[in-house]
Amino acid sequence: MHVSSRVSRMKESATLAVAARAAAMKREGIDVVAFGTGEPDFDTPANIKAAAARALEAGMTKYVPTPGTPEARAAVAAKLRTENGIDCAPEHVSITAGAKHSLYLALQCLVDPGDEVVLPTPAWVSYRPLIELAGGTCIEVPGAMERGFRITPAQLDAAIGPRTRAVILNSPSNPCGIAYPPEEMRALCDVVAARPGVTVISDEIYEKLVYPEVEPGLRAFSPGSMPALRERTVTLNGMSKAFAMTGWRIGYACAPAGGGAFMRELVKLQGQMTNNIASFFMPAIVEALSPASAPQVERMREAFAARAKLVHALLSEIPRLRGVAPTGAFYAFPSVAGCRGLRSPAGRAISDGQSYAEALLAEAHVAVVPGGEFGACAGDHVRLTFACDEAMLRTGLARIAEFTASLR
Ligand SMILES: Cc1ncc(COP(=O)(O)O)c(C=O)c1O
């Protein structure tokens, strides 16, 4: 059967592919340490599960408005106002099937064929395919490891041209595991503010996972809180990471532009696609954003902060690897350039992150994601997720240390 060129051209999600390979090895009885998937090991907090169960029991099983119930939209808007300083109302919000769905909808609404979208890299694997699916061209702006993978205002300014429709900002970042200090984010936003017609897509899915324990004073910053960018920002967020709700598929987009005119277009597209997400999740969203959930979110954040320190300490002891201390999200992104030109015990040649990751999985049974998937500048890196318990982290990193030392 024919497959459209826009889909056949599209790359499969590399992170999902690594997870599938690791799961297949596990099914064969191989003891694989999976550092591939960006998914918290914690269960969803009980009060959030109970809210969904109650709604289901009460018969909340019918269609609701496409962008969500008034209560859930109001809870999201209140959160964005009080926690993020974004001047928005419920009608500026739509609740979608994950932040990924929000990103898809936003790009489809913003980008025409021939438009450019600027993307600081290394960046999450789904940005480029979804930009290209919308007919856009992805302009990568490489963040150097020596600067903690953070791009400069001058780099951003140079990348914005007459065809630039949007700039994607993602702090804390997947895969870099870093967060921009607020003043650096502000400086990048000032560059965008000076260029009329350019929208910021701010992916804030990891906003609650910031580690001032590692970099004192660090906190998240929302571009949409800047008055100059209020009407030119689409803020993306969701429940997956901070609330340990990846499988629920709950995300949201917020755009106050044109008094809600942009959001009405986005909801029009969503209405032709999926309608509302599962209706009985709506009370669970309200519960998740209520003060009752905050202590549990904070406990998970503290656990991730401790793991960030542990992973960095263990990676720093491996002579051929180089990285930066994770300050946000739950990823470490070391360079394996120091292994280039060596061979594994089974004779595999190591030339980059891809060959390192393949040899590591085959011979040491540790799954990591090759860095090249996250941008042209990241071919020498691999991504490790530390969203797993300490014992597994220690086992996996001991295997990585032993494997890396065994290269000749
Ligand atoms: C940067 C970034 N944005 C968005 C997402 C998607 O999140 P969701 O599960 O809400 O679709 C991910 C998931 O890995 C991510 O890393």
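Just one of the listed residues (Val311, Val267, Val286) is outside the structural domain of Val210 (by TED's automatic domain parsing) and either of a type outside the set (Phe, Trp, Tyr) or surrounded by 14 or more Cβ atoms within 10 Å (Cβ to Cβ) (or both), and it is Val311. Only residues that are closer than 22 Å to Phe304 by Cα and either within 16 Å of the ligand (Cβ to nearest atom) or of a type in the set (D, E, K, R) (or both) were counted in region 22-48, giving 12.
Yes/no per residue for (1) modelled with pLDDT under 95; (2) polar (S, T, N, Q); (3) in contact with an Asp or Glu (Cβ under 9 Å, 6 or more places away or on another chain):
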| residue | (1), (2), (3) |
| --- | --- |
| Thr121 | no, yes, yes |
| Cys138 | no, no, yes |
| Val141 | no, no, no |
| Ala154 | no, no, no |
| Ile160 | no, no, yes |
| Ala166 | no, no, yes |
| Ser171 | no, yes, yes |
| Ala179 | no, no, yes |
| Arg186 | no, no, no |
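With respect to Pro45, determine if the residue is within 27 Å of Ala134 (Cα to Cα) and touching a helix residue (DSSP H, G or I) at 6+ places or on another chain (Cβ under 7 Å). Taking the combined requirement at face value, the residue does not satisfy it.
Just one of (1) within 16 Å of the ligand (Cβ to nearest atom); (2) more than 26 Å from Glu132 (Cα to Cα) fails for Lys241. It is (2). Does Pro65 satisfy being within 15 Å of the ligand (Cβ to nearest atom), touching a residue at least 24 places away in the same chain (Cβ under 8 Å), assigned to a loop (DSSP other than H, G, I, E, B) and not polar (S, T, N, Q)? Criteria not met by Pro65.
When Ile139, Ile160 are checked against the criterion of being among the β-branched types (Val, Ile, Thr), more than 16 Å from the ligand (Cβ to nearest atom) and either in contact with a His (Cβ under 9 Å, 6 or more places away or on another chain) or closer than 18 Å to Ala193 by Cα (or both), a single residue qualifies: Ile160. Candidates Arg21, Arg9: the one that is touching a residue at least 24 places away in the same chain (Cβ under 8 Å), under 25 Å from His365 (Cα atoms) and within 24 Å of the chain's Cα centre (by Cα) is Arg21. In region 276-283 there is no residue matching the filter, namely being away from the ligand (no atom under 13 Å from the Cβ) and under 20 Å from the mean Cα position of the chain (by Cα).
Looking at region 319-334, which of the residues that are crowded, with 21+ Cβ neighbours inside 10 Å and more than 16 Å from the ligand (Cβ to nearest atom) is modelled with the lowest pLDDT? Of everything passing the filter in region 319-334, Gly323 is modelled with the lowest pLDDT. What are the residue pairs meeting all of these: first residue in region 165-194, first residue over 21 Å from Pro334 (Cα atoms), second residue of a type in the set (S, T, N, Q) and more than 16 Å from the ligand (Cβ to nearest atom), Cβ atoms under 7 Å, and 6 or more apart or on different chains? Going by the 7 Å Cβ cut-off, the qualifying pairs are Arg165/Thr199; Ala166/Thr199.
Could you look through region 97-120, keep only residues that are in a helix (DSSP H, G or I) and farther than 17 Å from Leu169 by Cα, and pick out the one that is farthest from the ligand (Cβ to nearest atom)? Only one residue fits best here, namely Cys109. Return the total of residues in region 37-62 being in a helix (DSSP H, G or I), of a type in the set (A, V, I, L, M, F, W, C) and closer than 15 Å to Ser279 by Cα. Adding up the residues that qualify gives 7. Would you call Ala19 within 16 Å of the ligand (Cβ to nearest atom), surrounded by 13 or more Cβ atoms within 10 Å (Cβ to Cβ) and part of a helix (DSSP H, G or I)? Criteria met by Ala19. Among the residues of region 196-219, those identified as within 16 Å of Val234 (Cβ to Cβ) and away from the ligand (no atom under 16 Å from the Cβ) are Gly197, Val198, Thr199. Residues of region 345-360 include at least one that is assigned to a strand (DSSP E or B), free of Cβ contacts under 8 Å to residues at least 24 places away in the same chain and either among the aromatic types (Phe, Trp, Tyr) or not assigned by TED's automatic domain parsing to the domain that holds Ala244 (or both). Residue count for region 121-142, restricted to those that are within 23 Å of Val369 (Cα to Cα) and assigned to a strand (DSSP E or B): 6.
Once region 370-408 is narrowed to residues that are polar (S, T, N, Q) and assigned to a helix (DSSP H, G or I), the residue that is nearest to Tyr356 (Cα to Cα) is Thr404.
The values are calculated or read from the model by the stated rules, or taken from the named source; none is laboratory data. Only a predicted model underlies this, so the values are computations on that prediction, with no experimental measurement involved. A quick note on method: Cβ atoms are made from the backbone with ideal geometry, for glycine too, and the neighbour counts reach across all protein chains shown.
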